[in-house]
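This report refers to the structure that appears directly beneath it.
Rule-based calculations on the coordinates, nothing more; no lab input. What you are looking at is a predicted structure, and each value in this text was computed from that prediction instead of being measured. Using ideal geometry, Cβ is built from the backbone for each residue, glycine included, and neighbour counts are taken over all protein chains shown.
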Amino acid sequence: MNSASTGNPDTRAPALMKRRRGALGRYVFAATLVRSADGGAVVAIVLLAHASGLPNWLAGLLGASITAPHLLGPFIARRLDTARDGRRVIAFSAVLHGLLLAGAALLIPVTWALWPAVLLFVSGVFGPMLTGGISSRLPSIAGPGKRDQRRAQSWDVASYGISGTLGPAAVAWIAATSDALTASLVLAGAAVLGAGAVLVLPRQAPPDHAVAVPSPRQTLRSMSRHGPLRRTLGLTVTVAFSVAALPIYAVAIAPGLGGAATAGLLVAAYGVGNLLGSAGLMVRPLRGDADRLMSSLAVLVAAALILVILAPFLEASLVAFCLAGVANALFFAATLAARSEYAPIESRGQIFIWVGALKIAAGSAGTAVAGATTSPAAWVPLVLAVTLTALATTVSIIDRRRLPFRRGQG
């Protein structure tokens with residue numbers, strides 16, 4: 001009798017690892033597609049609005065119609081925790097996002113802006129399902145080991161980085177070679193294709209109906225009472241608010257570093273840093289307690305922002321922006337680890353989406369505040385960002401020491 005027929009663990013383990021690697025590859029493909037559609041949508045709509053002759057303020061409102069509704073995403077997220085097959089919920093969200101985006105794009109050149117804005121608003125409500133929602137599927141794909149989980153989370157960070165670059169870049173390229181309407185429709189198609197890729201991911205165990213799934217408000221309340229999750233939310237929101245100042249700062253300092261085009265180089269260096277950070281995590285995943293890692297890595301983000309302020313010339317600024325991207329990738333991986341390790345199974349999807357939605361809202365607020373505070377001096381928004389990050393980190397450390405976490409008590 002051979003070892004395979006007896007179920008020898010030595011023969012099962014390589015096959016299991018191979019299946020998990022295949023599932024992780026499918027996950028990265030699906031996540032990158034749907035997140036590229038979500039991340040590139042604002043650029044596509046704004047370009048299409050400009051091409052259709054709409055004024056700048058109206059183009060901006062149409063773009064905001066996609067991002068602002070992300071805050072409503074958590075109120076539909078409970079379905080992800082109650083569904084027998086969460087893949088279908090995410091796939092449905094991706095299809096609906098794509099169809100609504102396509103419908104809005106087709107209407108913008110031919111009708112009053114209110115109607116495409118309504119479609120974009122509804123589309124934006126489903127955006128968090130394509131970011132935090134799909135991330136909530138990762139723990140069941142990666143395997144039970146902490147090292148496997150951490151390595152898979154590094155791939156998730158890479159998916160965010162790639163899609164955040166690929167979506168807008170693809171839109172810009174297609175718009176330049178064809179037109180903005182085509183770019184918008186291609187993004188919509190990517191969302192629908194990504195929905196199909198989501199459906200071939202491994203299925204998670206169905207929910208235990210003996211365990212009550214909390215409402216969105218109950219979930220947010222429980223996060224505020226649970227030390228590690230409270231600190232995860234606070235630090236995630238603060239760092240997202242802080243790093244959102246970087247593109248504004250890049251635009252402000254670009255004329256003194258060689259011209260307006262330099263801003264694009266600086267932002268690209270930040271994106272490269274994100275990818276380098278996630279690649280490093282694939283080789284050497286984060287180790288240690290996720291709660292403590294978040295505090296340490298938030299300090300690293302603040303230090304990188306200080307380097308950005310102090311960089312005296314273009315080459316140094318490029319390096320500083322790159323290091324800021326690396327630091328943010330490491331911090332983001334720590335927040336994903338915290339969400340995976342501390343979120344109770346009955347509300348995991350909602351917690352991922354709550355944190356993701358509030359992170360996006362904080363990033364939008366950070367961009368707005370940076371734009372409003374740049375005029376006295378370009379470095380003012382980054383000084384504010386460093387101060388807030390340092391303050392939030394200090395609060396998180398005090399909170400952890402004052403109320404030590406005991407599993408089961410929060």
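Overview of values
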quantity: Around residue 135: net Lys/Arg minus Asp/Glu count, Cβ-Cβ under 12 Å; calculated: +4
quantity: Given charges at beta-carbon only (K, R positive; D, E negative), |dipole| of the chain in Debye; calculated: 1600
quantity: Alpha-carbon centroids, the range 230-255 and the range 44-69: separation in whole Å; calculated: 23
quantity: Low-density loop positions, chymotrypsin sites (Phe, Trp or Tyr not before Pro), the range 112-153 - DSSP coil, at most 13 other Cβ in 10 Å; calculated: 112
quantity: Inter-centroid distance (Cα atoms) of the range 113-154 relative to the range 373-400, Å; calculated: 28
quantity: Most fluctuating residue given options 205, 304, 245, as computed from a GNM of the chain linking Cα atoms under 10 Å; calculated: 205
quantity: Chymotrypsin sites (Phe, Trp or Tyr not before Pro) restricted to DSSP loop in the range 289-371 with at most 16 other C-beta within 10 Å; calculated: 313
quantity: Residue range of the chain that is longest and free of trypsin sites (Lys or Arg not before Pro) which are both DSSP loop and sparsely packed (at most 10 other C-beta within 10 Å); calculated: 1-286
quantity: Difference of contour (0.36 nm per residue) and Cα-Cα distance, residue 203 to residue 56; calculated: 48.5 nm
